[in-house]
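Engineer: I'd like to ask you about the structure that follows.
The values are calculated or read from the model by the stated rules, or taken from the named source; none is laboratory data. This is a predicted model, so every value here is computed, not measured. Glycine also receives a Cβ, built like all others from the backbone with ideal geometry; neighbour counts cover every protein chain displayed.
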Amino acid sequence: MDEAERFRLQLLLGRIQQLSNDHWHTFTRPRQAMGDHAWVGGASARSFDRRLERSDAELHAQIRKALDLVQEKIRRPLAS
């Protein structure tokens, strides 16, 4: 990896971090509203809550994975 590639990766890392900051809590408010019983109950509400929980976990996992992959690549030594 050369300096230009490292710079591009650092820009990418910054963009991923910004997306993480912007979207980390995408599913938090709907889940909190459901927990506060702002939604009608029933089987469909419980099913929707479970889907929100899975989507929330998947979003967090994918953000972490993207950050880890780019950080790992940045840590690699520069080519001589």
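Engineer: Could you please let me know if SER20 is surrounded by 13 or more Cβ atoms within 10 Å (Cβ to Cβ), hydroxyl-bearing (Ser, Thr, Tyr), in contact with a helix residue (DSSP H, G or I) (Cβ under 7 Å, 6 or more places away or on another chain) and part of a helix (DSSP H, G or I)?
Structural biologist: Yes: the conditions hold for SER20.
Engineer: Moving on. When ARG15 is evaluated against the numbered criteria (1) basic (Lys, Arg); (2) in contact with a Leu (Cβ under 6 Å, 6 or more places away or on another chain); (3) at pLDDT 90 or above, which criterion, by number, is the only one it fails?
Structural biologist: Failed condition: (2).
Engineer: Restricting to the stretch 36-54, what's the tally of residues that are surrounded by 14 or more Cβ atoms within 10 Å (Cβ to Cβ) and either without any contact (Cβ under 8 Å) to a residue 12 or more places away in the chain or hydroxyl-bearing (Ser, Thr, Tyr) (or both)?
Structural biologist: Restricting attention to the stretch 36-54, the residues satisfying the condition of being surrounded by 14 or more Cβ atoms within 10 Å (Cβ to Cβ) are 39, 48-49, 52.
Add one more test, that the residue is either without any contact (Cβ under 8 Å) to a residue 12 or more places away in the chain or hydroxyl-bearing (Ser, Thr, Tyr) (or both), and what stays is 39.
Number satisfying all stated conditions: 1.
Engineer: Kindly list, by first and then second residue, each pair from a residue in the stretch 11-35 that is closer than 29 Å to ARG46 by Cβ to a residue that is hydroxyl-bearing (Ser, Thr, Tyr), limited to pairs with Cβ atoms under 6 Å and residues at least 6 apart or on different chains.
Structural biologist: Matching pairs, first to second residue: PHE27/SER55.
Engineer: Right, next: Which is loosely packed, with under 13 Cβ neighbours inside 10 Å and either under 11 Å from the mean Cα position of the chain (by Cα) or part of a helix (DSSP H, G or I) (or both), of ARG6, ARG31, ARG64? Steps first, please.
Structural biologist: Values: ARG6 fails: loosely packed, with under 13 Cβ neighbours inside 10 Å; ARG31 fails: loosely packed, with under 13 Cβ neighbours inside 10 Å.
On inspection, the qualifying residue turns out to be ARG64.
Engineer: Among the residues of the stretch 1-60, what is the count of those that are under 29 Å from LEU78 (Cβ atoms) and of a type in the set (Val, Ile, Thr)?
Structural biologist: Matching residues across the stretch 1-60 total 1.
Engineer: Considering only the stretch 67-80, how many residues are among the aliphatic types (A, V, I, L, M), surrounded by fewer than 11 Cβ atoms within 10 Å (Cβ to Cβ) and modelled with pLDDT of 90 or more?
Structural biologist: Residues of the stretch 67-80 that are among the aliphatic types (A, V, I, L, M), as a first pass: 67, 69-70, 74, 78-79.
Filter again for surrounded by fewer than 11 Cβ atoms within 10 Å (Cβ to Cβ), leaving 78-79.
If we keep only those that are modelled with pLDDT of 90 or more as well, we get none.
Result for the stretch 67-80: 0.
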